[in-house]
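**Student:** Let me give you the structure first, and then I'll get to my questions.
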Amino acid sequence: MSKTLVAFFSASGVTKKVAEKLAAATGSDLYEIQPAVPYTRADLNWQDKQSRSSVEMNDPSSRPELADHAANI
Ligand SMILES: Cc1cc2nc3c(=O)[nH]c(=O)nc-3n(C[C@H](O)[C@H](O)[C@H](O)COP(=O)(O)O)c2cc1C
């Protein structure tokens with residue numbers, strides 16, 4: 001186990017690729033933050049003010065549940 005961790009959230013895979021490169025370059029552990037309820041394409045439609053991501057973004061108290069409650073990080 002490394003002393004450094006790269007934790008990331010990636011809805012469509014772009015950030016995931018960067019996180020993997022970063023972890024490899026720095027010798028860090030890698031951890032993917034995943035939501036309990038995966039985001040659908042419709043959820044991620046930022047042009048829809050009623051989409052899940054728009055609603056969550058506009059709610060400062062929004063804390064989407066994580067899939068993993070016992071992450072060893
Ligand atoms: C719901 C949502 C909101 C976004 N808002 C912005 C934004 O405000 N500014 C921006 O430059 N890109 C925005 N993007 C584009 C993402 O930053 C871009 O698609 C990124 O590559 C996604 O990374 P990922 O594949 O790791 O999730 C948004 C994308 C989504 C799905």
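**Student:** So, with a 1.4 angstrom probe, what is the percent of accessible area on the chain that is carbon and sulfur?
**Tutor:** Details: 3270 of 5810 Å².
C and S atoms contribute 56 percent here.
**Student:** Quick one: plug the Kirkwood hydrodynamic radius of the chain (C-alpha pairs) into Stokes-Einstein at 4 °C, 1.567 mPa s, and report D in µm²/s.
**Tutor:** Details: Rh = 13.8 Å.
Rounded to a whole number, D works out at 94 µm²/s.
**Student:** Each label point is 7 Å from the Cα along the Cα-to-Cβ direction; what then is the distance between the points at A67 and D48, in nm?
**Tutor:** About 2.1 nm separates the two model spin labels.
**Student:** Here is a follow-up. Rounded to the nearest 10 degrees, what's the angle between the helix 14-26 long axis and the longest principal axis of the chain, both from Cα atoms, 0 to 90?
**Tutor:** In the chain, helix 14-26 runs at an angle near 20 degrees to the longest axis.
**Student:** When the chain is modelled as a GNM with alpha-carbon springs shorter than 10 Å, which of S51, S62, S28 fluctuates the most?
**Tutor:** Answer for the Gaussian network model of the chain: S62.
**Student:** Would you be so kind as to identify which of V37, T15, S61 lies farthest towards the positive end of the dipole of the chain, taking Lys and Arg as +1 and Asp and Glu as -1 on Cβ and the Cα centre as origin?
**Tutor:** Checking the options against the dipole of the chain, the answer is T15.
The values are calculated or read from the model by the stated rules, or taken from the named source; none is laboratory data. Owing to the predicted nature of the structure, the values given are computational and were not obtained by experimental measurement. Every residue, glycine as well, gets a Cβ built from its backbone with ideal geometry; the counts of neighbours run over all protein chains shown. Just the protein is used for accessible areas: all its heavy atoms, side chains included, with ligands, DNA and RNA removed. Shrake-Rupley method; radii C 1.70, N 1.55, O 1.52, S 1.80 Å.
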